[in-house]
1. When both residues are 6+ apart or on different chains and their Cβ atoms are under 6 Å apart, which pairs have a first residue that lies in region 76-97 and is assigned to a loop (DSSP other than H, G, I, E, B), and a second that is surrounded by 21 or more Cβ atoms within 10 Å (Cβ to Cβ) and among the β-branched types (Val, Ile, Thr)?
2. Enumerate the pairs (first residue in region 7-26 and free of Cβ contacts under 8 Å to residues at least 40 places away in the same chain; second residue anywhere and part of a helix (DSSP H, G or I)) with beta-carbon separation below 8 Å, excluding pairs fewer than 6 apart on the same chain, so at least 6 apart or on different chains.
3. Being without any contact (Cβ under 8 Å) to a residue 12 or more places away in the chain and either in contact with a Pro (Cβ under 9 Å, 6 or more places away or on another chain) or assigned to a loop (DSSP other than H, G, I, E, B) (or both) is the filter here; which residues of region 118-137 pass it?
4. For region 252-283, enumerate the residues that are without any contact (Cβ under 8 Å) to a residue 40 or more places away in the chain and closer than 20 Å to Glu122 by Cβ.
5. Checking Ile153 against (1) surrounded by fewer than 13 Cβ atoms within 10 Å (Cβ to Cβ); (2) at pLDDT 90 or above: exactly one of these is not met. Which one?
6. Just need a number here: residues in region 1-41 that are part of a strand (DSSP E or B) and either among the small types (Gly, Ala, Ser) or crowded, with 16+ Cβ neighbours inside 10 Å (or both).
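The values are calculated or read from the model by the stated rules, or taken from the named source; none is laboratory data. What you see is a predicted model, and the numbers here were worked out from it, not measured in a lab. As a convention, Cβ positions derive from the backbone with ideal geometry for all residues, glycine included, and neighbour counts pool all protein chains shown.
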Amino acid sequence: MAIKIVIDSASDIDFEEAKKYGVSLIPMEVRFKEEEYLDGVNLSHKEFFEKLIESVELPKTSQINPYRFEEEFEKLVNEGDEVIAITISSKLSGTYRSAVEASKKFNGKVHVVDSLNASIGERILCLYALELNKQGENIKNIVDKLNSVKNRINVIALLDTLKYLKKGGRISAITAFAGEVLSIKPVIGVIDGEVKLIGKAIGSKKGNNLLNSLVEKKGIDFDMPYGVVWSGIDNSMLKKYVEDSGHLWKDKAESIPAYMIGSTIGTHIGPGGIGVAFFEKNQ
């Protein structure tokens with residue numbers, strides 16, 4: 001009997017990565033007006049941003065319904081496996097509730113973990129689950145450890161524009177206009193399962209400095225999964241940030257995994273964002 005991991009595409013793990021990791025991916029649906037896509041399957045992250053930039057209206061993403069989870073759970077359980085499903089934060093989507101509802105039909109063989117996160121934060125929790133599974137931990141221990149450490153995950157991101165937060169109704173048009181005129185770069189984070197504004201700076205340089213100070217304040221646990229992330233088609237801003245923040249990584253990391261944001265969070269932050277995700281050091 002093996003333990004299989006199921007992840008939703010709000011983790012920004014695409015179909016090819018899921019095969020590489022050995023996880024089952026359940027994609028969210030993304031709709032640009034009348035065109036519907038499966039996130040990370042027939043719509044790559046790059047293609048998503050190409051469409052987002054050209055679109056007047058924001059696309060719509062749909063939560064995963066219980067039936068789609070049930071189909072995947074049934075297939076894995078019938079193969080003799082136990083299942084751990086890791087989902088986007090229950091405070092950002094009804095996907096977690098759908099997974100829980102579907103899991104009830106499998107007599108304790110399916111366990112659902114609310115990541116209280118999304119994008120790269122959800123991804124690094126999945127990577128930790130895979131490492132525990134590789135080490136031979138039983139399913140109860142893996143689930144307990146995931147629920148224990150998930151509150152140590154930090155996702156801190158510097159945005160390039162307020163335009164998409166305005167489009168999504170997260171801020172007023174006046175605030176967005178003032179921010180663009182003053183070149184204000186907002187810093188967001190995932191706090192208690194929700195995306196919140198945690199700071200702002202004028203200009204990219206001060207924005208990068210603020211991002212670094214927030215990361216340093218928390219402290220990265222380099223024994224756990226970590227990474228950096230960018231939104232949009234061009235990752236040059238992320239490369240510059242990594243070079244300029246070498247003190248964060250020097251003598252601590254052999255390499256810095258970099259990932260591209262997909263549709264779930266990308267819809268609201270737009271292109272040009274950069275971020276860091278990590279498990280905070282135990283205090």
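1. Ile88/Thr95
2. What qualifies is Leu25/Ser9; Leu25/Phe15; Leu25/Ala18.
3. At the first step, the residues of region 118-137 found to be without any contact (Cβ under 8 Å) to a residue 12 or more places away in the chain are 134-137.
Scanning region 118-137 gives Gln135, Gly136, Glu137.
4. If we filter region 252-283 for residues that are without any contact (Cβ under 8 Å) to a residue 40 or more places away in the chain, which is where we start, we get 252-258, 283.
Ile256, Pro257, Ala258 - these are the residues of region 252-283 that are without any contact (Cβ under 8 Å) to a residue 40 or more places away in the chain and closer than 20 Å to Glu122 by Cβ.
5. Here Ile153 meets the rest and fails (1).
6. Here is the first cut: in region 1-41, the ones part of a strand (DSSP E or B) are 3-8, 24-26, 29-32, 35-39.
Remaining after also requiring either among the small types (Gly, Ala, Ser) or crowded, with 16+ Cβ neighbours inside 10 Å (or both): 3-8, 24-26, 29-30, 32, 37, 39.
Looking only at that region, the number is 14.
One line per residue, one yes/no per condition, for (1) farther than 23 Å from Ala258 by Cβ; (2) modelled with pLDDT of 95 or more:
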site: Phe49; (1), (2): no, no
site: Ser55; (1), (2): yes, no
site: Glu74; (1), (2): yes, yes
site: Val110; (1), (2): yes, yes
site: Gly121; (1), (2): no, yes
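Matching residues to (1) within 21 Å of the chain's Cα centre (by Cα); (2) outside the structural domain of Gly273 (by TED's automatic domain parsing); (3) loosely packed, with under 13 Cβ neighbours inside 10 Å; (4) of a type in the set (Asp, Glu):
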{"site": "Gly219", "(1), (2), (3), (4)": "yes, no, no, no"}
{"site": "Asp223", "(1), (2), (3), (4)": "yes, no, yes, yes"}
{"site": "Tyr226", "(1), (2), (3), (4)": "yes, no, no, no"}
{"site": "Trp230", "(1), (2), (3), (4)": "yes, no, no, no"}
{"site": "Ser236", "(1), (2), (3), (4)": "yes, no, yes, no"}
{"site": "Lys239", "(1), (2), (3), (4)": "yes, no, no, no"}
{"site": "Val242", "(1), (2), (3), (4)": "yes, no, no, no"}
{"site": "Gly246", "(1), (2), (3), (4)": "no, no, yes, no"}
{"site": "Asp251", "(1), (2), (3), (4)": "no, no, yes, yes"}
